[in-house]
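What follows is one structure encoded as structure tokens, with my remarks underneath.
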Amino acid sequence: MLSTLPLKSRKGCGATERGEGAVLVYEIVRKKLDGEKNTEEEIRQLVMGFERGEVAHEQMAAWLAAVYVRGLSEEETWWLNKTMAERGRQIDL
């Protein structure tokens, strides 16, 4: 089970997302390093936290290194790409 923070996200401590259910970044990284799948919510929290400056570059680099070593499942790849696409500027073609 992942650790949660009952408080709003706290910059610099590795917390992501807002309010209840926030997950510590190191738990997301640990899970991937242990060969487990990250959930859609964990990936969303990681990307959104990084975008807001709540996830340090070093923390994102650690997760990306874990992804390089362990890989992403098809579902994780879909969730990551979906989250990045939703967070970016969208152009109507």
(message) I'd like the full set of residues that are over 18 Å from Trp79 (Cβ atoms) and either modelled with pLDDT of 50 or more or hydrophobic (A, V, I, L, M, F, W, C) (or both), limited to segment 1-21.
(response) Met1, Leu5, Leu7, Cys13, Ala15
(message) Quick check on segment 63-93: of everything there that is at pLDDT below 95 and of a type in the set (Asp, Glu), which residue is nearest to Asn38 (Cα to Cα)?
(response) Glu86
(request) Note down all Cβ pairs under 7 Å where the first residue falls in segment 41-56 and is farther than 14 Å from Arg87 by Cα, the second is assigned to a helix (DSSP H, G or I) and aliphatic (A, V, I, L, M), and they're at least six residues apart or on different chains. (result) Glu42/Ile28; Val55/Val25; Val55/Leu46
(message) When the residues of segment 37-84 are narrowed to those that are among the hydroxyl-bearing types (Ser, Thr, Tyr) and open to solvent by less than 70 Å² (accessible area, probe 1.4 Å), which ends up nearest to Glu27 (Cα to Cα)?
(response) Thr39
(request) Identify all residues within segment 29-50 that are among the small types (Gly, Ala, Ser) and outside any helix (DSSP H, G or I); write none if there are none. (result) Gly35
(request) Can you confirm whether segment 51-62 contains a residue that is modelled with pLDDT under 95, in contact with a strand residue (DSSP E or B) (Cβ under 8 Å, 6 or more places away or on another chain) and in a helix (DSSP H, G or I)? (result) no
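The values are calculated or read from the model by the stated rules, or taken from the named source; none is laboratory data. Bear in mind that the values here come from a model prediction, so they are computed numbers and not experimental data. Here the Cβ is made from the backbone with ideal geometry for all residues, glycine too, and neighbour counts use every protein chain on show. When the accessible area is computed, the model is the full protein with side chains, heavy atoms only, and any ligands, DNA or RNA have been set aside. Shrake-Rupley method; radii C 1.70, N 1.55, O 1.52, S 1.80 Å.
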